[in-house]
Amino acid sequence: MNKTVTFRIWRGDANGGKFVDYTTEITEGLVVLDVVHKIQAQQANDLAVRWNCKAGKCGSCSAEVNGMPKLMCMTRMDTLDITKPITIEPMRAFPSIRDLATDVSWNFRVKTKIKKFNPRKPDCEDGTWRMQQEDVDRVQEFRKCIECFLCQDVCHVLRDHHKHDEFIGPRFLVYTAALEMHPLDTEDRLAELKQSQGIGYCNITKCCTKVCPEHITITDNAIIPLKERVVDEFYDPFAWVWKKLRPKG
Amino acid sequence: MATNYETHEYDVLVIGAGGAGLRAAIEASAAGVKVGLICKSLLGKAHTVMAEGGMAAAMGNVDDRDNWKVHFADTMRGGQYVNNWRMAELHAKEAPARVHELEAWGAVFDRTKEGKISQRNFGGHRYPRLAHVGDRTGLELIRTLQDHGIHQGITVHMEYTIVSLLKDGDRVVGAFGYDRERGRFRVFKAKAVVVCTGGLGRAYAVTSNSWEGTGDGVSLAYHAGAELLDMEFIQFHPTGMIWPPSVKGILVTESVRGEGGVLRNKDGKRFMYDDVPENYRSQTSTDPEEGWRYTQNDKNAKRPPELLTRDHVARCINREVKAGRGSPHGGVFLDISWIKEKIPNSAEHIKRKLPSMYHQFMQLANLDITKEPMEIGPTTHYAMGGVRVNGDTQATNVPGLFAAGECAAGLHGANRLGGNSLSDLIVFGKRAGEYAAKFAKENASGAINDAQVEAAYKEAVEPFERPAGGGTEGPYQVQYDLQNMMQTNVGIVRLQNEMEFALAGIEKLKARAAKVAVQGHLEYNPGWHTAIDLKHLLTISEAITLCALERKESRGGHFREDFPDKSPEAAKYNNVVSKAADGSMKLRRETIPPMPEALKQVIEEMK
């Protein structure tokens, strides 16, 4: 049975904007992105919205639905109360480009500053390595990330305190954790984590974990272990003394 | 003479940043040339992320009987022997090295007990061959290439659309396009251009492809003088979601069947046992118990008929639905939950082996695949046809223009095996990057022709200059009408008169597309982007229909109800489409070159 729904969509650009109401009919089984597309095709041809796979795998259609950071393609209409207008706004932690599309280029710049994967020498003469599944399970969890940046959007260090120059945000802490915990990796990224990448800013409120559409346990499995490694490296007095006293070489 | 547009100059310009484009860009930059990479979306969002099952490479980690010869023979058999045999040979030989290279760049594949890269069974592959990461292998591939590539000195242009390739005489010397964000036009001058733009599923109403799959590279190359090959071969993946309507077409990975999933009609019958093609009979089990053992890696068991090639499975599903034995929403049932009879803790097992499928059905259809069967039906998935290339170098017939990945043709023949696409991307992406860099080193820059640039600009912005009303319409309706027409008339089962109807319909749609009007301005305007994509969609739809009319037989992804059998005569040629001097599309048959004795022998041995 068809029902009527009102979408209150933010329209505008970097210079400002406003919410515009669009009323449309919906059928059974739709997701938020379907309704946005319907409005785009029938009422607002120039409504800017990013999307690709429509199956929760590419992480393009991130937005705030009734104030909650979500992938629009994975938010079913039957999970929302349609008796009231549904607000759709762009991610607020990033500058606006137009309508629902935001400028997420900062994320791409941050990633290039993190030291790349650097494997140990191959284990076998044919140039391959051996790793056990249990040793890669954790890294595979982190590598599920689809880079939707919803965790960055919800992180108060970025969203409210705008520490983009001092803090890399949950996405890149997960990325760093995947590299640091990779069984083959030989690089050391702890000094940057402590200094330029600002891991200390995270006060583990776990908002990022809550919004992750891939259900990556960001705080507990990635950020806290990294924080522990940083502490062990730089703040453990016994380790500090040991490092001073141990023979060089 | 300088143009009025900001110009970027590269040795090699790669258009498209999926698996093939990224791999090509990495290879070219490693060769020491300056590389620009154009993404239609943001970096890392390309359709490669949707690939689920794995990448085929005969490493023999799970079954040591596997080697390149078996892989080559499987690919040729799956492609019904109209493949470019040289590409099939190179692909089978080089895929293992390309997969190992990904591991060296940080990819984390699922492991065997010995700690090697694990490999899984897939349709048409004789042995477990697909390196995989759960059911998100495409994401792993693109992320690995992305994270490696960003440290290679490649200049990445995100959210750019290329509207035309630029030529100096016969040679391609660059491209013209705009950034979607601001609508600013740019000239990209390049000594060599590689198109890696992926698929064209958006020409159809039901497709697993995202909005990007509009055949841009195929169309751009065609209009620049490149030949297209075998455009009639479109793969309809047997298992797409069909319910609820909003998800219709989204892919359900073949790994569901690889892990023991079975197909049933509404009477609960495993209908795939009813029709096993002659050339696969010796490899296919007749006993469900044996089929199950095959999926659990019993080396002595034969494969269940659900793992026959995709073209065949799709047609069997189509047959069941047409005969009134389908599921409530017009598909059939795919059931993995039944394995609870076989293994304890099957729910956990399914979630671990097929995490994104579990997630996708739970979230989009509110269905728990560990408890209930899925409803599925065929979806437009992959173009075997595309730009004609040299098997070794990926060069087209136009100097300076290369193509790789789904937009190139040859490797897969009439039907692609699952898992051969991701390996295609890395094997031929690398080769395209290598030979494009070589071309760039051996040739000086060409000249950019201002008149060409101005003409392309005028064509691109024309939709804004047509006032609404007065015979104009928006772009979306034209796109919908084209998709529905192709779906109905040039789809999974084809007929002469329906395709003739479609060919005439395309002409009418071209006339409508020429009158499409868009509102607003150049900045991030999806209506305008859709208007521009229409030209590509119409071009490739015409090529598909023309080739499908010409091939009066059924083979692989091309099935004709009026010619249901394979014709030995048609096995000898490929269809080649090109643009005639008067702008019309012309078609010719080209005889497939004879296969070297050594390869013939491999095929004989593997029969």
Item to complete: Could you sort out which of B:266/B:552; A:194/B:40; A:113/A:227; A:57/A:113; B:438/B:535; A:70/B:45 sit more than 27 Å apart by Cα distance in this structure?
Response: B:266/B:552; A:194/B:40; B:438/B:535
Fill in: Neighbouring partner chain Cβ atoms per residue of B:358-365, average, 10 Å criterion
4
Worksheet item: Ignoring ligands, DNA and RNA, what accessible area per residue does chain B give at 1.4 Å, in Å²?
Response: 33
Response to the item:
Computed over the stretch B:18-63, the distribution of all Cα-Cα distances in 5 Å bins, rounded to whole %, is 4, 17, 20, 17, 16, 14, 8, 4, 0
Discussion item. Counting other C-beta atoms within 10 Å, and keeping those with at most 14, which DSSP coil GluC sites (Glu not before Pro) do you find in the stretch B:84-146?
Written reply: B:114
Worksheet item: Per-residue mean of other chain beta-carbon atoms within 10 angstrom of the beta-carbon, peptide A:227-240?
Response: 0
Worksheet item: What translational diffusion coefficient, in µm²/s and rounded to a whole number, does the Stokes-Einstein relation yield for the stretch A:28-68 at 25 °C and a viscosity of 0.890 mPa s, taking the hydrodynamic radius as the Kirkwood radius over Cα pairs?
Response: 219
Practice prompt. Calculate the mean, over all residues of peptide B:116-123, of how many other protein chain Cβ atoms lie within 10 angstrom of the residue's Cβ.
Written response: 1
Worksheet item: Per the Kirkwood definition applied to all pairs of different Cα atoms, how many angstroms is the hydrodynamic radius of the stretch B:466-607?
Response: 17.7
Response to the item:
Here D for the stretch A:3-102, in µm²/s, from Stokes-Einstein with a Kirkwood Rh over Cα pairs at 4 °C and 1.567 mPa s, works out to 97
Worksheet, complete the sentence: Once normalised by the length of chain A, the mean sequence separation of its alpha carbon contacts under 8 Å that are 6 or more apart gives a contact order in percent of 16
Worksheet item: Which percent of Cα-Cα pairs in the stretch B:89-187 sits in each 10 Å bin, short to long?
Response: 12, 29, 25, 22, 12, 1
Worksheet item: Using Cα atoms only, what is the angle between the long axis of helix B:85-104 and the major principal axis of chain B, expressed in degrees (0 to 90) to the nearest 10?
Response: 90
Worksheet item: With N residues in chain A, what two-decimal value do you get for its Cα radius of gyration over 2.2 N^0.38 Å?
Response: 1.22
Response to the item:
Residue-normalised 222 nm signal for chain B, counting each DSSP H run of n ≥ 4 as -39,500 (n - 2.57), nearest 500 deg cm²/dmol, is -11500 deg cm²/dmol
Worksheet item: So how much slack lies between residue B:451 and residue B:562, counting 0.36 nm per residue of separation and subtracting their Cα-Cα distance, in nm?
Response: 35.2 nm
Worksheet entry | Computed label-point distance, nm, for sites residue B:151 and residue A:14 using a 7 Å Cα→Cβ extension | 3.1
Fill in: Efficiency of FRET from Cβ geometry, residue B:591 and residue A:125, R₀ 51 Å, rounded to 0.05
0.70
Worksheet, complete the sentence: With the full set of protein chains present, the residues of the stretch A:9-53 whose 1.4 Å probe accessible area falls by 20 Å² or more relative to the chain alone are A:28, A:29, A:40, A:41, A:45, A:46, A:48, A:50, A:51, A:52, A:53
Fill in: FRET efficiency for residue B:286 and residue B:488, using Cβ-Cβ distance with R0 set to 35 Å, rounded to 0.05
0.45
Worksheet item: On average, how much accessible surface per residue is there in chain A, in Å², for a 1.4 Å probe, leaving out ligands, DNA and RNA?
Response: 46
Worksheet entry | Antiparallel DSSP beta bridges within the protein assembly as shown, percent to nearest 5 | 70
Worksheet item: How far is helix A:224-234 tilted, in degrees, relative to the longest principal axis of the Cα atoms in chain A, given as a value from 0 to 90 rounded to the nearest 10?
Response: 30
Worksheet item: To the nearest 10 degrees, how steep is helix B:19-30 against the longest Cα principal axis of chain B, on a 0 to 90 scale?
Response: 60
Item to complete: Evaluate the distance, in nm, between pseudo-label points positioned 7 Å from the Cα of residue B:481 and of residue B:468 along their respective Cα→Cβ axes.
Response: 1.9
Item to complete: Relative to the compact-globule scaling 2.2 N^0.38 Å, provide the ratio for the alpha-carbon radius of gyration of the stretch A:105-239.
Response: 1.08
Discussion item. What's the total accessible area buried between chains A and B, using a 1.4 Å probe, rounded to the nearest 100 Å²?
Written reply: 5100
Worksheet item: Rounded to the nearest 0.05, what FRET efficiency do residue B:300 and residue A:133 have when you use their Cβ-Cβ distance and R0 = 25 Å?
Response: 0.50
Fill in: Candidate lysines - alpha carbon under 25 Å from residue B:269, same-chain residues fewer than 8 apart omitted
B:248, B:302, B:322, B:340, B:342, B:371
Practice prompt. Net charge near residue B:593: determine it from the other residues with C-beta under 14 Å of the C-beta of residue B:593, scoring Lys and Arg +1 and Asp and Glu -1.
Written response: +1
Worksheet entry | Cut-off under 5 Å, modelled amide H: who pairs with residue B:382 long-range | B:235, B:237
Worksheet item: Out of every Cα pair in the stretch B:260-328, what percent are spaced more than 17 Å from each other?
Response: 41
Worksheet item: Between residue B:607 and residue A:245, what is the spin-label point distance in nm, taking each point 7 Å from the Cα along the Cα→C-beta axis?
Response: 7.9
Item to complete: Can you tell me the relative contact order of chain B? Whole percent, Cα pairs under 8 Å, sequence separation 6 or more.
Response: 21
Item to complete: On a C-alpha basis, how far is the centre of the stretch B:233-295 from the centre of the stretch B:54-125 in Å? Whole number, if you could?
Response: 22
Worksheet item: Hey, quick one: spin label on residue B:444, modelled 7 Å out along Cα-Cβ, who in the stretch B:178-206 has an amide N within reach, i.e. under 17 Å?
Response: B:190-192
Worksheet item: 222 nm [θ] for chain A, helices only, -39500 (n - 2.57) per DSSP H run of 4+, per residue, to 500?
Response: -9000 deg cm²/dmol
Fill in: Alpha-carbon gyration tensor eigenvalues x 5, square-rooted, for the stretch B:236-380, Å
22, 20, 12
Worksheet item: So what's the stretch B:321-460 giving for Rg/Rh, alpha carbon basis, Kirkwood Rh from the mean inverse pair distance?
Response: 1.19
Worksheet, complete the sentence: Rounded to whole angstrom, the alpha-carbon centroid of the stretch A:211-238 lies from that of the stretch B:380-398 at a distance of 47
Worksheet item: Pick from A:52, A:107, A:221: which residue has the top mean-square fluctuation in a GNM of chain A where Cα pairs under 10 Å get a spring?
Response: A:52
Response to the item:
Per the charge dipole of chain A (beta-carbon charges, Lys/Arg positive, Asp/Glu negative, Cα centre), the residue among A:48, A:37, A:24 reaching farthest to the positive end is A:48
Worksheet item: In angstroms, what radius of gyration and Dmax does the stretch B:1-87 have, counting Cα atoms only?
Response: 18.7, 62
Response to the item:
The extension gain from residue B:393 to residue B:105, computed as 0.36 nm times the residue separation minus the Cα-Cα distance, is 101.3 nm
Worksheet item: Quick one: in the protein assembly as shown, what % of C-alpha pairs are over 44 Å apart?
Response: 25
Practice prompt. For the stretch A:3-102, give the percent of accessible area contributed by carbon and sulfur heavy atoms, probe 1.4 Å, rounded to a whole number.
Written response: 47
Item to complete: Calculate the radius of gyration of the Cα atoms of chain B to one decimal place, then report Dmax, the largest Cα-Cα distance, as a whole number, both in Å.
Response: 23.2, 74
Worksheet item: Got a number for carbon plus sulfur as a percent of the stretch A:105-239's accessible area, 1.4 Å probe?
Response: 51
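The values are calculated or read from the model by the stated rules, or taken from the named source; none is laboratory data. Quick caveat: nothing in here was measured; it's all calculated off a predicted structure. Glycine also receives a Cβ, built like all others from the backbone with ideal geometry; neighbour counts cover every protein chain displayed. Areas reflect the complete protein model, heavy atoms only, side chains present, ligands, DNA and RNA absent. Shrake-Rupley method; radii C 1.70, N 1.55, O 1.52, S 1.80 Å.
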